[in-house]
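Following: one structure in C-alpha cells, then a few remarks.
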Amino acid sequence: MKRQILVLAALAVLGIALDALDLVDWLRALEWTRARAGGTAGALGAYLFARRLTRLDVSAARGHRLFNILERQGDFFTLCALRVLPGMPHSAINYASGTLALPLPRFLAATALGLALKSYLYSAALHIAATTGATGLSDLLRLDVLAPLLAIALLLLPGRFLRRR
C-alpha cells in the first residue's frame, strides 16, 4: 500500500512539473483520451463486472460460440482480431473475457489496439463515403469499405500461431 501511494505521489509531481514546464497541454490530452479511451474504459468495466459476478459458475456461458473460442484461444491476437471484425458484439467479448478471467493486461492491450484500428478504419471509410456522395447504408456496407477490417482480422489470427512457436 505504501508503494502505491509513493507511485501516485510521484505521478502527481511529474504531472505538475510537466504542466509548469508547458510540456503537456492537459486539455488536449484530456480531449484525446476521451475520444480514444472511452471504449477501452467501458470494456474494462464490463470485464471486471463479469469477472466479479461469475467467479463461481461459468456453466451458463458454456456452449456459446464466442465463449468457446475465447476459452480455447484467448490470446492477444485472437482478442484483437475479434475487436476488429465488423459486426462483432464488443459486449460479448468483454463479458466472456471477464468470465474466463483472461489476463487483464492482454485484454486491455488487445482492446485498445483493436478499437483504435477499427475506429480509424471506420472513420476513413465514412470520410471516403462522404466525399464520394454515399446516399445510404448500402453504400457504407460495400465490400471495398469493409475489406480492410476483415483483412486486419485475418492478418492478426496467424500471429497467434507464430507466437506459440
- line: Counting only residues in segment 14-38 that are farther than 30 Å from GLY114 by Cα and surrounded by fewer than 10 Cβ atoms within 10 Å (Cβ to Cβ), the one modelled with the highest pLDDT is identified as LEU21
- line: Residues of segment 46-66 being surrounded by 12 or more Cβ atoms within 10 Å (Cβ to Cβ) and at pLDDT 70 or above, in sequence order, are ALA46, TYR47, LEU48, PHE49, ALA50, ARG51, LEU53, HIS64, LEU66
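The values are calculated or read from the model by the stated rules, or taken from the named source; none is laboratory data. Keep in mind that what you see is a predicted model, and the values were worked out from it rather than measured. FYI the Cβ positions are ideal-geometry reconstructions off the backbone, even for glycines, and counts take in every protein chain you see.
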